[in-house]
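Following: one structure in structure tokens, then a few remarks.
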Amino acid sequence: MEDIVGGWWDRLVRRAAYRGYPAAVVELESIAGQAPLFFRAMGGDPALVLRSTVGTEHGARRRLIERLAGTGTKVELAWRDSQAFYLPDKLDLYPDPALNRQLYFWLMALAATPVPPGDWLNRNRAATAACLAAMPGLALVYQRLLTALLPMRPDPAKLPEAEAALERAIQAALRQPDIEQILPAIAQPPLPVPLWLHPAPPLVDQAGAAAQHEAQNPQGKRPDQRSRRRRYRAQRVAQDERKNGMLLVFRAESLFTWDEYVKVNRHTEEDDDNNGEAAAEDMNRLSIAQDAHTKSSKLKFDLDLPAAAYDDSPLGPGLKLPEWNWKQQRLVEDHCIIKPMLPRDAHPAALPDRLLPLARRLRRQFQALAPERVRRSGEASGPDIDIDRVIRFMSERMSGVAIAEPALYQAWPPGERSLACLTLADLSLSTESWVGESGRVIDVIRDSLLLFAEALSASGDAFGLYGFSSIRRQEVRLQVLKDFAERYDDNTRGRIIAIRPGYYTRMGAAIRQSSRILLQQPAARRLLLIISDGKPNDLDHYEGRYGIEDTRQAILEARRDGLLPFCVTVDREAGDYLPHLFGHRGYVVVQQAQTLPQVLTRLYAGFTR
Amino acid sequence: MNAPAPAAVAAPFYQAQGDECRLFEAAWQQQLPVLIKGPTGCGKTRFVAHMAARLGLPLITVSCHDDLSAADLVGRHLIGDGQTVWCDGPLTRALRQGGICYLDEVVEARKDTTVVLHPLTDDRRMLPIERTGELLEAPPSFMLVVSYNPGYQHVLKTLKPSTRQRFVAMSFDFPAPDVELAVLMQETGIAESQARQLVTLAGQLRRLTGYDLDESVSTRLLVYAAKLMMSGMSPQQACRTALAEPLSDEADTIAALLAVIDTQFPAR
Ligand SMILES: Nc1ncnc2c1ncn2[C@@H]1O[C@H](COP(=O)(O)OP(=O)(O)OP(=O)(O)O)[C@@H](O)[C@H]1O
Ligand SMILES: [Mg+2]
């Protein structure tokens, strides 16, 4: 009984104490589709992805009722670092939802604006001033947001002297952002300013982060869609770094996200993913431990096994390839070794029965496509008559004006339809993750490759099929499933059937090698089709921005060589980084992984029409 | 060597971005063919029209497409009343008049079509007309100008290297903000403050090219927006019609573009 009354009391007080208007809430999800574009238009770095923040403790003076209720200590503020820009999960600061929505856009503009170094107050002030000067429309929005905000700020007259000075400086900076302010030194943090970026965004211990690269940890399975955007605040260690936080550029590797490499040091033994997530959210910060297991992944993976002995048969010692180092902005020669290999245990096999009906349909469709694609009308000679032109010619003749040498035939000029397609599939360990009924990602990729190969061989276009994974730069494994010179038959089918997930995703090297192979094909148009399930990553520093930039570079090189790179991904978050890699038109996200085979063949038909 | 004839009519307005006018004139004097690369709506056509008028030359423009044949360029026999009549194509006409022949979007033309340009674009400067047996020599004032848009989305369509390498090439891009400002004001009479907002907006939208948008917002579209604003339409609506809608069909993208437009021209 007491419990029930206690819970009721708790809820009542919490509701009364909450500063905000839940009825006017605007969720990040509702603008997430527009946010990346807007951020980029404001000048934000296109490589940064959108993430949601979790509250960081602000430590300011709380109202009595808030202290009673134990709320009001958390505030969600926006910030950006070298990997992402962070926005609150929801905003309900204002009673008017339109204002809450505009606040999101204001915060993005602020986060996208570069500012000179300075203390947090003056950085925010200067960024605000820059935005207002450049954007008259946004300036109007800011005035609305500010007018509604000021009554919520504490009255300096009612604060102790030191706090009052700080509050006066803040309010002055808000009102007149083009006038520099002196930040009063004071121990007590002020009430957070929701129109500004986080004064001290969460940091990670850098030494700990460095050790982290060496830790061996396969890419984990991801929690559900929405929570993937949520970034957990990692344990901050260095107190003094906090003071000049705001737009500090961290080392890219020092940031952890739940979906990437968070190692959680938990006190209890929860086995349930949801539990872990709830706990993490509540704990507000996660400490990073060297030896812990990745919670989100239950995959077992022994890296100590000598790879060659254990599985695939390497074909030769390997080839050296360069890699792009974005921090140095240069291509490091001979940085990776790519090892072509054949899948272990591959036995000649027929197409699995369950794929037969679809395969038959695809073959028919692609056979019909083939002659259409090369037929050229308006030829001076040819095996077919171009009816359209004959009719036009006849009528011209009737009216007395006609061309003497009409081109009235259709023909299939030889060599004209020369198209080569290289398909490169990600076979890293992350493809082991489950996608509902139809099994794992790898199973979908296997079916897709099998069916795609059926379609391609019916079309008559030259094609090659490859898979890749990697274990650091010394071993980028390129599985040769079907070479361009090989026929698509039971041997190659057997190899596709034998693919298994393993290791990591050093995408740049795999793309570079594929480009080399494709460039040797004597076709007029060469398509490099990449099937992926997530971001590039590997055990060493090849993750986050490093991997992205190297991959981007490899794609730029391919494009410069005249190849047409295109990516098909099952990673639903890919919209955050693939435009940076492949351009807006250069990729598709397959929302339902199960439909990958259909998407792939439909795409190809469209491309080559 | 060529000497410019006095311009007969006032040249169409063209705001120079750099020394492209001097370059063009030098190429004309030296009888070199010119290739102009640049995104759509950045002023290529206007530039050529301007230069033709400045040099006092007739301008003959051909928009290329994949059905354009060599005969379409050079000429053909037409059947008249019981007899055939030879009819010059635009290229031949420009040659006879000693003017500028401008092939717009030349990559759209079939490769066997562009090959007829080869003898014209080396030091022979000749056009053999096979069907009449005529061998036309280009007069000194004749100039061949071609243009195309090199965006990566057109990667399947490029010029043959052997064609490409016959031209001196100039790369155009959207004008610098101050130049674009002058263009907008001159073309539409819009007030400077609003023109400046449009130019800033264009800068914001151009950051999206290749990520969220395939093509950048062009100077042409900015001119449209300014014209609509001059006709009394609200800036919001003018930008929506002339800038947001032409750039995308995706609802999310348009919504985001409108949010960007709001940062310059707020909704009332
Ligand atoms: N430098 C400039 N000076 C004057 N007007 C310009 C200039 N640049 C662009 N414009 C304006 O932009 C409009 C579009 O330019 P134009 O038609 O020359 O583009 P284009 O490069 O030929 O495009 P496309 O490749 O689509 O044919 C012109 O009508 C003119 O109003
Ligand atoms: Mg034009």
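The set of residues in the stretch B:162-221 that are away from chain A (no Cβ under 11 Å) and among the polar types (S, T, N, Q) comprises B:Ser162, B:Thr163, B:Gln165, B:Ser171, B:Gln186, B:Thr188, B:Ser216, B:Ser218, B:Thr219.
Restricting attention to the stretch A:481-500, the residues that are open to solvent by 30 Å² or more (accessible area, probe 1.4 Å), over 20 Å from A:Ala420 (Cβ atoms) and assigned to a loop (DSSP other than H, G, I, E, B) total 1.
Restricting attention to the stretch B:223-237, the residues that are open to solvent by 70 Å² or more (accessible area, probe 1.4 Å) and closer than 11 Å to B:Phe265 by Cβ total 1. Filter the stretch B:24-37 down to the residues that are buried (at least 21 other Cβ atoms within 10 Å of the Cβ) and under 13 Å from the mean Cα position of the chain (by Cα), then identify the one that is farthest from the other protein chains (Cβ to nearest Cβ). Filtering first and then ranking leaves B:Val34. Checking the structure you have, find out if any residue of the stretch B:191-200 is within 20 Å of A:Trp106 (Cβ to Cβ) and away from ligand 2 (no atom under 16 Å from the Cβ). Within the stretch B:191-200, one or more residues are within 20 Å of A:Trp106 (Cβ to Cβ) and away from ligand 2 (no atom under 16 Å from the Cβ). Can you tell me how many residues in the stretch A:144-159 are in a helix (DSSP H, G or I) and closer than 15 Å to A:Ala173 by Cβ? Qualifying residue count for the region: 5. Failed condition for B:Arg240, given (1) within 11 Å of another protein chain (Cβ to nearest Cβ); (2) open to solvent by 30 Å² or more (accessible area, probe 1.4 Å), with all others met? That leaves (1) as the condition not met.
Can you list residue pairs whose Cβ atoms sit under 8 Å apart, with the first residue in the stretch B:30-42 being more than 18 Å from B:Ala138 (Cα to Cα) and the second being buried (at least 21 other Cβ atoms within 10 Å of the Cβ) and among the basic types (Lys, Arg)? Count only pairs 6 or more apart in sequence or on different chains. Sorted first by the residue in the stretch B:30-42, then by its partner, the pairs are B:Ile36/B:Lys44; B:Gly38/B:Lys44. Can you confirm whether the stretch B:243-258 contains a residue that is at the interface with chain A (Cβ under 10 Å from one of its Cβ atoms), more than 22 Å from the chain's Cα centre (by Cα) and in a loop (DSSP other than H, G, I, E, B)? Looking for residues that are at the interface with chain A (Cβ under 10 Å from one of its Cβ atoms), more than 22 Å from the chain's Cα centre (by Cα) and in a loop (DSSP other than H, G, I, E, B), one finds at least one in the stretch B:243-258, hence yes.
Residue-level check: of (1) modelled with pLDDT under 75; (2) open to solvent by less than 40 Å² (accessible area, probe 1.4 Å), A:Trp79 misses just (1). Being buried (at least 20 other Cβ atoms within 10 Å of the Cβ), on the phi > 0 side of the Ramachandran plot and under 20 Å from the mean Cα position of the chain (by Cα), is that true of even one residue in the stretch A:553-571? Within the stretch A:553-571 (the criterion being buried (at least 20 other Cβ atoms within 10 Å of the Cβ), on the phi > 0 side of the Ramachandran plot and under 20 Å from the mean Cα position of the chain (by Cα)), the answer is no, since none of the residues qualifies.
The set of residues in the stretch B:38-77 that are within 14 Å of chain A (Cβ to nearest Cβ) and not aliphatic (A, V, I, L, M) comprises B:His65, B:Asp66, B:Asp67, B:Ser69, B:Asp72, B:Gly75, B:Arg76, B:His77.
Any residue in the stretch B:171-188 that is open to solvent by less than 40 Å² (accessible area, probe 1.4 Å), away from ligand 2 (no atom under 16 Å from the Cβ) and small (Gly, Ala, Ser)? Taking every residue of the stretch B:171-188 in turn, at least one turns out to be open to solvent by less than 40 Å² (accessible area, probe 1.4 Å), away from ligand 2 (no atom under 16 Å from the Cβ) and small (Gly, Ala, Ser). Each residue in the stretch A:501-536 was checked for being assigned to a loop (DSSP other than H, G, I, E, B) and over 23 Å from A:Leu578 (Cβ atoms), and 6 of them qualify.
Candidates are the residues of the stretch A:23-48 that are away from chain B (no Cβ under 11 Å) and open to solvent by less than 20 Å² (accessible area, probe 1.4 Å); the one that is nearest to the chain's Cα centre (by Cα) is A:Leu48. Within the stretch B:108-127, is even one residue farther than 14 Å from B:Gln31 by Cβ and within 16 Å of ligand 1 (Cβ to nearest atom)? Checked against the condition, which is being farther than 14 Å from B:Gln31 by Cβ and within 16 Å of ligand 1 (Cβ to nearest atom), the stretch B:108-127 yields at least one hit. Checked against the criterion of being more than 27 Å from B:Ser171 (Cα to Cα), basic (Lys, Arg), modelled with pLDDT under 85 and more than 16 Å from ligand 1 (Cβ to nearest atom), the stretch B:62-79 contains one or more residues that satisfy it. Remark: B:Phe13 falls outside the filter, which requires a residue to be away from chain A (no Cβ under 14 Å), within 17 Å of the chain's Cα centre (by Cα) and either more than 13 Å from ligand 1 (Cβ to nearest atom) or surrounded by 14 or more Cβ atoms within 10 Å (Cβ to Cβ) (or both). Condition check for B:Cys42 on (1) in a loop (DSSP other than H, G, I, E, B); (2) in contact with a strand residue (DSSP E or B) (Cβ under 9 Å, 6 or more places away or on another chain); (3) within 16 Å of ligand 2 (Cβ to nearest atom): one failure, at (2). If you go through the stretch A:537-558 and keep only what is part of a loop (DSSP other than H, G, I, E, B) and in contact with a Leu (Cβ under 9 Å, 6 or more places away or on another chain), you end up with just A:Leu539. Checking each residue in the stretch B:211-236 for being among the aromatic types (Phe, Trp, Tyr) and either over 25 Å from the mean Cα position of the chain (by Cα) or at pLDDT below 95 (or both) picks out only B:Tyr211.
The values are calculated or read from the model by the stated rules, or taken from the named source; none is laboratory data. Being a predicted model, the structure only gives us computed values, none of them experimental. Here the Cβ is made from the backbone with ideal geometry for all residues, glycine too, and neighbour counts use every protein chain on show. With ligands, DNA and RNA removed, areas are computed over all heavy atoms of the protein, side chains included. Shrake-Rupley method; radii C 1.70, N 1.55, O 1.52, S 1.80 Å.
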